[in-house]
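Participant: Please see the structure below; I have some questions.
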Amino acid sequence: NLQLQRQRLKADRQFKGPIDLARQVAMSRGLSGFYRGFGTSLYFRGCFFWMFGSVEACMRMLGKLQGTRLELNNAVATGISGGLAAFSFWFFALPMDNIKNRILSEPLITNRKSVPEVARTILRTQGVRGFYAGMTPVLLRAFPVNAVAYSVYEGIMRLLRAEKTRQ
């Protein structure tokens, strides 16, 4: 809720800071208010399975190119694999991320909406495309960020001889 404040004047802000936010959440929702959106966050984090699995699958597929004219060096193969893996992650994670963001941005004084209620609202008002709102900027950012992150990680692991390189 604190992140969503966009009022320019301090006097217009609903929350004066993190302590005030915590106080208001506790008063309006009780202890459970601090865990609002927790289940959706767990689902979102679980989608990293798709990213890590996709990196490995891509690396194995690109590894089959060794010895051909299409062979890639390890850093390039890792970068491509990391970038493509981000696509699989966001394909599975973005629908729940959009649901989570709607749940977390509800005013404290409203009745809590469940995940199925929010999902039905999105489906009714925007169709399936509503679950993937924001996909273009997410993917434009995700490919290069993950490509670099995986390449740097793998490079450091090789530099430290901390892991056997793929063959």
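The values are calculated or read from the model by the stated rules, or taken from the named source; none is laboratory data. Only a predicted model underlies this, so the values are computations on that prediction, with no experimental measurement involved. Cβ atoms come from the backbone with ideal geometry, glycine included; neighbour counts cover every protein chain shown. We work out accessible area using only protein heavy atoms, side chains counted, and drop any ligands, DNA or RNA first. Shrake-Rupley method; radii C 1.70, N 1.55, O 1.52, S 1.80 Å.
Participant: Along the Cα-to-C-beta direction of MET27, a point sits 7 Å from the Cα; which residues of region 106-135 have their amide N less than 17 Å from that point?
Facilitator: Hits in region 106-135 for MET27 at 17 Å: 107-110.
Participant: While we're here: Under a Cβ-only charge scheme (Lys and Arg +1, Asp and Glu -1), can you give me the dipole magnitude of the chain about the Cα centre, in debye to the nearest 20?
Facilitator: That gives a dipole near 380 debye.
Participant: What whole-number value in Å² describes the accessible area per residue of the chain for a 1.4 Å probe?
Facilitator: Averaged over the residues of the chain, the accessible area is 68 Å².
Participant: Which whole DSSP H helices in the chain pass both tests: a Cα extent of 30 Å or more along the axis and a mean Kyte-Doolittle value no lower than -1.0?
Facilitator: Helices passing the filter in the chain: 74-104, 135-159.
Participant: Okay, moving on. Counting C-alpha atoms alone, how compact is region 94-153: give Rg to one decimal and Dmax as a whole number, in angstrom.
Facilitator: Looking at region 94-153, its Cα Rg and Dmax stand at 15.1, 46 Å.
Participant: Among ALA149, GLN126, CYS47, whose Cα lies farthest out toward the positive end of the dipole of the chain, if unit charges sit on the beta carbon of Lys, Arg (+1) and Asp, Glu (-1)?
Facilitator: After comparing all options, I get GLN126.
Participant: The list [x] 41, 19, 14; [y] 44, 24, 18; [z] 30, 24, 15 gives values of semi-axes √(5λ) of the Cα gyration tensor in Å, and only one came from this structure; which label was calculated from it?
Facilitator: [x]
Participant: Out of the total accessible area of the chain (probe 1.4 Å, heavy atoms of protein only), what percent is carbon and sulfur?
Facilitator: Carbon with sulfur: 63 percent of the solvent-accessible area.
Participant: Express the relative contact order of the chain as a whole percentage, based on alpha carbon pairs under 8 Å and six or more residues apart in sequence.
Facilitator: Dividing the mean separation by the residue count of the chain yields 25 percent.
Participant: At a Förster radius of 35 Å, what calculated FRET efficiency corresponds to the Cβ-Cβ distance of ARG161 and ARG129, to the nearest 0.05?
Facilitator: Plugging the Cβ-Cβ distance into 1/(1 + (r/R0)^6) gives 0.15.
Participant: While we're here: Ignoring the sites themselves, what is the longest stretch of the chain with no GluC sites (Glu not before Pro) in a DSSP loop and at most 16 other beta-carbon atoms within 10 Å?
Facilitator: Between the exposed loop sites, the longest stretch runs 72-162.
Participant: Let me ask something else. Please name which of VAL138, PHE92, GLN24 has its Cα lying farthest along the dipole of the chain towards the positive end, using unit charges on Cβ (Lys, Arg +1; Asp, Glu -1) and the Cα centre as origin.
Facilitator: GLN24
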